[in-house]
Amino acid sequence: MKIAHAYTIVTSPGRNFVTLKIVTDQGTYGIGDATLNGREMAVVAYLDEHVIPALIGRDPQRIEDIWHYLYRGAYWRRGPVTMSAIAAVDMALWDIKAKLAGMPLYQLLGGKSRERVMVYGHATGRDIEACLDEVSRHVEQGYKAVRVQAGVPGIESIYGVAKQAGEPYEPADADLPAEHVWSTHKYLNHIPNLFAAVRERFGDDLHILHDVHHRLTPIEAARLGKALEPYHLFWLEDCVPAEHQESFGLVRQHTTTPLAVGEVFNSLFDAKVLIENQWIDYIRATLTHAGGITHVRRLADLAGLYQVRTGFHGPTDLSPVCLGAAIHFDTWVPNFGIQEYMPHNAQTNAIFPHDYRLEEGDFIAGEQPGHGVDIDETLAASFPYKRASLPVNRLEDGTLWHW
Ligand code: KDG
Ligand code: MG
């Protein structure tokens, strides 16, 4: 069996998605997600110019060999563009292999470790009251875990807090980056009040999570972790930037609040020190940005040795293809923790028909052979690419900051 052709599909039903389709000489095809939010066309160029020509004629069943061919063979290892391109190939090849085997992907990975995949939804609000309403809406829908983010008095706009419930965090017409202004001081003073209010209204059972989006220094993160201990969070996410992995050692010394990190990681080596020191509790790498199933499986296995569990990134800027593959992975992976879920809009779901389903705050993997997600190319073509940017964050004095 050979790869007969492969091509990228870019579609923008409200936001951009990049999909790689690989077709074999026997007609079986697989698809992979290659979406890198705000840098989509860089991955398209990498795939079109350097990867696809080298795939033609290869045996699609040699997933491991193709992975190393693209990773080691390129000499230039790692990085989000490279690893998203490799991930798309890998995801499409696992889709093909599972279709050839006549099995849903989770079976090929090793079978079910669980029946259901617990997800967390996003509750955001301009202020604490609006945010509590959103938590309540999620609880009514059966969610057992909710990420809680609210506006902070004195800060006009914070990425991760929607202007209106359910809206994307970055405006769809953001051709170039919007600029936000950040105050750590105001944030740290306010945020414990939010979690006190959540526990008071919803009691102790609900799992609550919070994303700091890399905006703190280690000692500030330590202060926040300590302040939130009475509200026993499921996790505190991205409390500091993670390039310097030792920062987490400092945070860890000061707090028992569980820590999660990894949505911007693209390699096992981004997380190795964090995991081996047990400085984190959850690893958030995604299949799309971290080299696909083949590489993230290695990362999850390493994490498992140290009682670190998975909590994959699952925002709307990853396509349903990534989500579908992730749900199969989550169904199999022994050290599963939780899966993030932000609902895609109706057009996106129409372009990417899928067989996973959400029931009472849990995903259930489908039984179709493969990862269970397809693409309607005709419909995709009616939503052309539109450049879109993530925002930047500055301190009140104008200093460019983490976000
Ligand atoms: O593209 C960036 C978003 O996916 C990210 O900022 C969302 O932090 C995020 C999250 O936890 O989902
Ligand atoms: Mg995040």
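In the context of the full set of protein chains, segment 108-367 has a per residue accessible area of 38 Å² (1.4 Å probe).
Step by step: find N for segment 270-365, compute 2.2 N^0.38 Å, then divide the Cα radius of gyration by it. What's the final number?
1.10
Per residue, segment 3-104 exposes 39 Å² of accessible surface when a 1.4 Å probe is rolled over the protein heavy atoms with every protein chain present. Rounded to the nearest 10 degrees, the inclination of helix 320-332 to the longest alpha-carbon principal axis of the chain is 80 degrees.
Ligands, DNA and RNA aside, residue 78 has an accessible area near 80 Å² when probed at 1.4 Å. The fraction of accessible area contributed by carbon and sulfur in the chain is 52 percent, rounded to a whole number (1.4 Å probe; ligands and nucleic acids excluded). Net charge of the neighbourhood of residue 182, taken over other residues with C-beta under 13 Å away and scored Lys/Arg +1, Asp/Glu -1, is -2. Distance between the pseudo-spin-label points of residue 269 and residue 184 (7 Å out from Cα toward the beta carbon): 2.9 nm. Backbone amide hydrogens, once placed in the peptide plane, bring residue 120 within less than 5 Å of 339, 340, 341, excluding anything fewer than 5 places away on its chain. The string of couplings for segment 62-68 from the Karplus curve (6.51, -1.76, 1.60, θ = phi - 60°) is 8, 4, 4, 5, 5, 4, 5 Hz, one whole number per residue in order, with x for Gly and Pro. Within the listed set 391, 230, 315, the residue fluctuating most in the Gaussian network model of the chain (springs between alpha-carbon atoms under 10 angstrom) is 230.
With θ taken as phi - 60° and the Karplus curve 6.51 cos²θ - 1.76 cosθ + 1.60 applied, the whole-hertz 3J(HN,Hα) list for segment 390-401 is 7, x, 10, 10, 10, 6, 4, 8, x, 4, 5, 10 Hz, x standing for glycine and proline. Residue 8 contributes an accessible area of around 30 Å² to the protein surface, as traced by a 1.4 Å probe with all chains present. Relative to the dominant Cα principal axis of the chain, helix 128-140 is inclined by about 50°.
Name the shape class, rounded, prolate or oblate, that the alpha-carbon gyration tensor gives for segment 3-104, where a ≥ b ≥ c are the square roots of its eigenvalues, rounded holds for a/c under 1.5, and otherwise prolate holds if a/b is larger than b/c and oblate otherwise. Don't skip to the answer; put the middle values down first.
Numbers: a/c = 1.79, a/b = 1.23, b/c = 1.46.
It comes out oblate by the Cα gyration axes.
The heavy atoms of residue 19 offer some 0 square angstrom of accessible surface to a 1.4 angstrom probe. Full extension of the segment from residue 193 to residue 101, taken as 0.36 nm per residue of separation minus the current Cα-Cα distance, would add 27.8 nm.
The Kirkwood radius of the chain, taken over pairs of alpha-carbon atoms, gives through the Stokes-Einstein law at 25 °C and 0.890 mPa s a diffusion coefficient of 114 µm² s⁻¹.
Going by average Cβ density within 10 Å per residue, which order do the peptides 207-214, 44-51 take, highest to lowest?
Packing proxy ranking, top to bottom: 207-214, 44-51.
How tilted is helix 292-305 with respect to the longest principal axis of the chain? Cα atoms for both, answer in degrees (0 to 90, nearest 10). Its long axis makes an angle of about 50 degrees.
Pairs from the list 21/99; 163/226; 186/226; 2/112; 21/112; 163/186 with a Cα-Cα gap above 22 Å: 163/226; 2/112; 21/112. Measuring between their Cα centroids, segment 33-48 and segment 333-403 lie 15 Å from each other.
The values are calculated or read from the model by the stated rules, or taken from the named source; none is laboratory data. These numbers were taken from a predicted model, which means no experiment stands behind them. When we count neighbours, we look across all protein chains shown, and the Cβ atoms used for this are built from the backbone with ideal geometry, even at glycine. Remember, those area values only see protein heavy atoms, side chains included, never the ligands or the DNA or RNA. Shrake-Rupley method; radii C 1.70, N 1.55, O 1.52, S 1.80 Å.
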